[in-house]
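**Student:** My questions all concern the structure below.
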Amino acid sequence: MKRTLALLCPLLLAACGASDTEDLREWTIQKSQGLRGQIEPLPQAQVYQPFAYNAFDLPDPFNAAKLQMGKKQNMANAPDFKRPREALENYDLDKLKMVGLLKRNGVTYALIRTPESSVYRVQPGNFIGPNFGQVKRITETELTLSETVEDLNGEWVQRETSMYLDEQGQK
């Protein structure tokens with residue numbers, strides 16, 4: 001039985017062979033006739049033209065005196081670094097909360113709570129936050145600051161920021 005099976009297997013495999021592939025070969029030959037790929041020619045390389053630097057009579061952009069003059073103009077908007085810092089300038093603005101309002105002798109104060117739960121009163125002119133934020137205006141729901149920050153060019157610019165009354169903090 002094993003011998004017969006061993007002889008029949010190669011015969012069956014040979015019968016399944018090459019008879020069906022002839023029409024496939026003819027079709028591929030027929031379809032590939034006349035096909036010829038075309039490659040575009042390479043572009044002409046441009047001749048190198050050297051650049052003649054003729055700016056020897058122009059001012060040097062790296063001159064230290066010119067840089068110092070630019071720094072002096074920038075310092076016109078710079079904050080006062082010699083001014084003594086106030087206690088609330090040690091905290092980031094997102095750590096501080098405006099928790100109330102106080103009016104005394106015609107002056108409006110905002111009550112500011114620190115992360116340690118200390119409460120400070122501030123009035124227009126006081127400084128808050130690390131960016132030299134000066135209190136400009138206090139309303140019943142908002143404290144407006146003018147911060148002095150250095151931009152990417154190294155210039156000092158003013159930007160306005162607000163703190164809003166934290167009504168959950170009024171317990």
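What follows draws every value from the coordinates through simple rules; no lab data is involved. Since the structure is predicted, the reported quantities are computational estimates derived from the model, not experimental observations. Cβ: placed from backbone, ideal geometry, glycine included. Neighbour counts: every protein chain shown.
**Student:** Using alpha-carbon pairs under 8 Å, 6+ residues apart, how would you state the relative contact order of the range 95-136 in percent? Numbers along the way, then the final one.
**Tutor:** On the way: 63 pairs, mean separation 11.3, N = 42.
Averaging sequence separation for qualifying contacts and normalising by length gives 27 percent for the range 95-136.
**Student:** Would you mind working out the magnitude of the charge dipole of the chain relative to its Cα centre, with +1 at each Lys and Arg C-beta and -1 at each Asp and Glu C-beta, to the nearest 20 Debye?
**Tutor:** Numbers: 21 positive and 22 negative charges, 123 e Å.
Dipole of the chain, to the nearest 20 debye: 580 debye.
**Student:** Right, another one. Roughly how tilted is helix 2-15, in degrees to the nearest 10 and between 0 and 90, from the longest Cα axis of the chain?
**Tutor:** The two axes meet at around 80 degrees.
**Student:** Hey, what angle do you get for helix 64-74 against the long axis of the chain, alpha-carbon based, 0 to 90 degrees rounded to 10?
**Tutor:** Roughly 60 degrees, rounded to the nearest 10.
**Student:** Over the alpha-carbon set of the chain, divide Rg by the Kirkwood Rh and report the Rg/Rh ratio to two decimals. Could you put the intermediate results ahead of the total?
**Tutor:** Numbers: Rg = 41.4 Å, Rh = 25.0 Å.
Radius of gyration relative to Kirkwood radius: 1.65.
**Student:** How high is the relative contact order of the chain, given as a whole-number percent (alpha carbon pairs under 8 Å, six or more residues apart)?
**Tutor:** Values: 189 pairs, mean separation 25.6, N = 171.
15 percent.
**Student:** Let me ask something else about it. So, counting K/R as plus one and D/E as minus one, what does the shell of residues with Cβ under 13 Å around I138 add up to? Walk me through the intermediate numbers first.
**Tutor:** On the way: positive: K103, R104, R121, K136, R137; negative: E140, E142.
Charge balance in the 13 Å sphere: +3.
**Student:** Given the options G129, G154, G106, which has the most mean-square fluctuation in a GNM of the chain, springs set between C-alpha atoms less than 10 angstrom apart?
**Tutor:** Sorting by GNM fluctuation, first place goes to G106.
**Student:** Calculate for the chain the 222 nm mean residue ellipticity that helices alone would give, adding -39,500 (n - 2.57) per DSSP H run of length 4 or more and normalising by residue count, nearest 500 deg cm²/dmol.
**Tutor:** Values: 3 runs with 36 residues, N = 171.
It lands at -6500 deg cm²/dmol.
**Student:** Of V99, G37, L145, which is farthest on the positive side of the dipole of the chain, counting Cα position, with +1 on Lys and Arg Cβ, -1 on Asp and Glu Cβ, and the Cα centre as origin?
**Tutor:** Projecting each Cα onto the dipole axis, the largest value belongs to V99.
**Student:** Among P79, P43, P124, which one moves the most in a GNM of the chain with springs linking Cα atoms closer than 10 Å?
**Tutor:** Sorting by GNM fluctuation, first place goes to P43.
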